[in-house]
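Here the structure comes first, spelled out in structure tokens, and everything after it is commentary.
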Amino acid sequence: MTVLTTGTHKAAGRDRLSPLLRLLILTQLAFNVGFFAVLPFLSEHLGQAVGMAGWLVGFVLGLRTFSQQGLFVVGGALADRYGIRPVVLAGCVLRIAGFAWLGYAAQTWSVIGAVLLIGFAAALFSPAVESEVARQAVVHEEQGGSRTRVLALFTVAGQAGAFVGPLLGALLLSVDFRTVCLAGAGIFVLVLAGHAWLLPQHIPGRERVEVRGGIGPLLRNRRFLALCCAYGSYLLAYNQLYLALPAEVERAAGSQAPLAWLFALSSLLVVTAQLPVTRWVGDRLDLRRSMVTGLLLIAAGFAVVAAARPAGWTGTAGLLPAAGLVVLLTLGQMLVAPVARAWVPDLAEEGRLGLYMGALSSVSGLIVLVGSSASGTLLDSGLPVAVPWLVLAAVPAAAVALLPRPAVTGGGPRQ
């Protein structure tokens, strides 16, 4: 699939989204509103209301992540085989059942069952939606629009949902956690009804393929696996917002109260600046250079903390490097996240886009799983205070070398 120019300004009419793309982008918004209305309050509920030990809470949360990210490749393969409509609808039904079950679960085995169901539901609908958005973005580009702008809108919708969801959940939590879960289920009932009505039975240009035979060529696709590793380094860096950043905020401020403001800053940046940043970069850089720039910005964020950490500043001054990390990491995210998804169609086999989009999440999720354990050990290692942050900066910087370079074919340059 040949990459077309992403850099020129397009007329407003050419860059208008199709009804299917608008539906899928709104889908991402609704998914995240429903999900993040529940997730931020889950650990406290498990620890206090259910009475789980801390290690068990962590285990349950890890199971949710594994049942979601780890199985994305399964959901993607099923979307290739059966089309996105049945996979999305099945995922919504399972998410509704999982949230309702979680609201009434009072024993460990019951909670684990509900959490696994919630995670597997996302493993069905998310890669199906993401692969179709990526495919439609290529179609949009062939009609004169911008591929990366479509993926940027998808990112903004997801971030807006992640911002609104916790606010809704916090409001409903004044009643009880069960109400929060049932509200999340209710949102997915609306999503299910909307997709049963609006999502086409057959999407033109999408051909169904057999489930077998896709993994081998994928594992031999070095260019795609290189992209997965580079994307995994970004996700590992982003995961430090939940691991390294809280520890640094606690050290500088004496509590984690400023953490909420830093997360709000990150969300606000994505919602307000993602599209302008994507437009500006798209006029100047190709896909590879965009990812290089994003990864280097992320590395610079960790380097800022590494440079300031030996001074041992506390209070407001001590929080400034953490704020710099959040800003630079978020700017890097704005470049890397939509561009990586936009790149996958150029590296995937024909008819296997769902499998490849799912594998992007599964492979990079495995990298995060291993890397998070290593980075947690590093932060507790007793090394000089700047060293862990320098190592964290080196990871995305080194990932630049992994990015596949344009391949020249008989049809011209490819990304």
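Any idea which of 46, 61 is modelled with pLDDT under 85, part of a helix (DSSP H, G or I) and touching a Ser or Thr at 6+ places or on another chain (Cβ under 7 Å)? Please lay out each step first, then the result.
Values: 46 fails: touching a Ser or Thr at 6+ places or on another chain (Cβ under 7 Å).
None of the others qualify; the one that does is 61.
For the stretch 293-314, which positions are of a type outside the set (S, T, N, Q), in a helix (DSSP H, G or I) and either open to solvent by 30 Å² or more (accessible area, probe 1.4 Å) or modelled with pLDDT under 90 (or both)?
Hits for the stretch 293-314 are 296, 297, 300, 303, 304, 307, 309, 310, 311.
Residues that are modelled with pLDDT of 85 or more and more than 22 Å from the chain's Cα centre (by Cα): does the stretch 224-244 have at least one?
No - not one qualifying residue is present in the stretch 224-244.
Of (1) at pLDDT 95 or above; (2) touching a helix residue (DSSP H, G or I) at 6+ places or on another chain (Cβ under 7 Å), residue 359 satisfies all except one. Which?
Just one mismatch for residue 359, condition (1).
Could you give every pair whose Cβ atoms fall below 9 Å, whose first residue belongs to the stretch 86-113 and is over 30 Å from residue 23 (Cα atoms), and whose second residue is open to solvent by 50 Å² or more (accessible area, probe 1.4 Å) and basic (Lys, Arg), counting only separations of at least 6 or pairs across chains?
Going by the 9 Å Cβ cut-off, the qualifying pairs are 104/178.
What residue, among those in the stretch 79-123 that are surrounded by fewer than 21 Cβ atoms within 10 Å (Cβ to Cβ) and β-branched (Val, Ile, Thr), is modelled with the lowest pLDDT?
This residue is 108.
Taking the condition out of contact with any Phe, Trp or Tyr (no Cβ under 9 Å at 6 or more places or on another chain), open to solvent by less than 30 Å² (accessible area, probe 1.4 Å) and either more than 19 Å from residue 242 (Cβ to Cβ) or at pLDDT 85 or above (or both), does residue 72 pass?
Taking the combined requirement at face value, the residue satisfies it.
Do you know which residues across the stretch 335-349 are assigned to a loop (DSSP other than H, G, I, E, B) and crowded, with 24+ Cβ neighbours inside 10 Å?
348
Looking at the stretch 194-205 only, could you name the residues that are open to solvent by less than 30 Å² (accessible area, probe 1.4 Å) and assigned to a helix (DSSP H, G or I)?
194, 195 - these are the residues of the stretch 194-205 that are open to solvent by less than 30 Å² (accessible area, probe 1.4 Å) and assigned to a helix (DSSP H, G or I).
Among the numbered criteria (1) open to solvent by 40 Å² or more (accessible area, probe 1.4 Å); (2) part of a helix (DSSP H, G or I); (3) over 16 Å from residue 242 (Cα atoms); (4) aliphatic (A, V, I, L, M), which single criterion is violated by residue 385?
Of everything listed in (1) open to solvent by 40 Å² or more (accessible area, probe 1.4 Å); (2) part of a helix (DSSP H, G or I); (3) over 16 Å from residue 242 (Cα atoms); (4) aliphatic (A, V, I, L, M), residue 385 misses just condition (2).
Answer with yes or no whether residue 271 is buried (at least 18 other Cβ atoms within 10 Å of the Cβ) and either over 18 Å from the mean Cα position of the chain (by Cα) or within 23 Å of residue 137 (Cα to Cα) (or both). Even if it seems obvious, please write down each step before you answer.
Working: buried (at least 18 other Cβ atoms within 10 Å of the Cβ): no; either over 18 Å from the mean Cα position of the chain (by Cα) or within 23 Å of residue 137 (Cα to Cα) (or both): yes.
Considered against the rule, which asks whether it is buried (at least 18 other Cβ atoms within 10 Å of the Cβ) and either over 18 Å from the mean Cα position of the chain (by Cα) or within 23 Å of residue 137 (Cα to Cα) (or both), residue 271 comes out as no.
Please pick out the residue among 175, 156, 180 that is of a type outside the set (Asp, Glu) and surrounded by 23 or more Cβ atoms within 10 Å (Cβ to Cβ).
Criteria check complete, one pass: 180.
Look through 180, 164, 191 and report the one residue that is in a helix (DSSP H, G or I) and under 30 Å from residue 295 (Cα atoms). Walk me through how you get there before you give the answer.
Details: 180 fails: under 30 Å from residue 295 (Cα atoms); 191 fails: under 30 Å from residue 295 (Cα atoms).
Only one candidate qualifies: 164.
Residue 362 is checked against (1) over 15 Å from the mean Cα position of the chain (by Cα); (2) open to solvent by 10 Å² or more (accessible area, probe 1.4 Å); (3) of a type in the set (Ser, Thr, Tyr) and fails just one. What number does that condition carry?
Single failed check for residue 362: (1).
Counting just the residues of the stretch 203-223 that are of a type in the set (Val, Ile, Thr) and within 28 Å of residue 23 (Cβ to Cβ), which one comes out modelled with the lowest pLDDT?
So, considering only residues that are of a type in the set (Val, Ile, Thr) and within 28 Å of residue 23 (Cβ to Cβ), the one modelled with the lowest pLDDT is 211.
Please verify whether residue 268 is in contact with a Phe, Trp or Tyr (Cβ under 9 Å, 6 or more places away or on another chain), part of a helix (DSSP H, G or I) and not β-branched (Val, Ile, Thr), treating the condition exactly as stated.
Yes: the conditions hold for residue 268.
Tell me the residue from 270, 277 that is under 14 Å from residue 339 (Cα atoms) and among the aliphatic types (A, V, I, L, M), please.
Step by step, each of 270, 277 is checked, and only 277 is under 14 Å from residue 339 (Cα atoms) and among the aliphatic types (A, V, I, L, M).
Look through 394, 317 and report the one residue that is under 20 Å from residue 254 (Cα atoms), modelled with pLDDT of 90 or more, open to solvent by 20 Å² or more (accessible area, probe 1.4 Å) and of a type outside the set (Val, Ile, Thr).
Details: 394 fails: under 20 Å from residue 254 (Cα atoms).
Only one candidate passes the filter, namely 317.
The values are calculated or read from the model by the stated rules, or taken from the named source; none is laboratory data. Just so it is clear, the structure is predicted and the values come from calculations on it, not from any experiment. Ideal geometry is used to build each Cβ from the backbone, glycine not excepted, and the neighbour counts take in all protein chains shown. We work out accessible area using only protein heavy atoms, side chains counted, and drop any ligands, DNA or RNA first. Shrake-Rupley method; radii C 1.70, N 1.55, O 1.52, S 1.80 Å.
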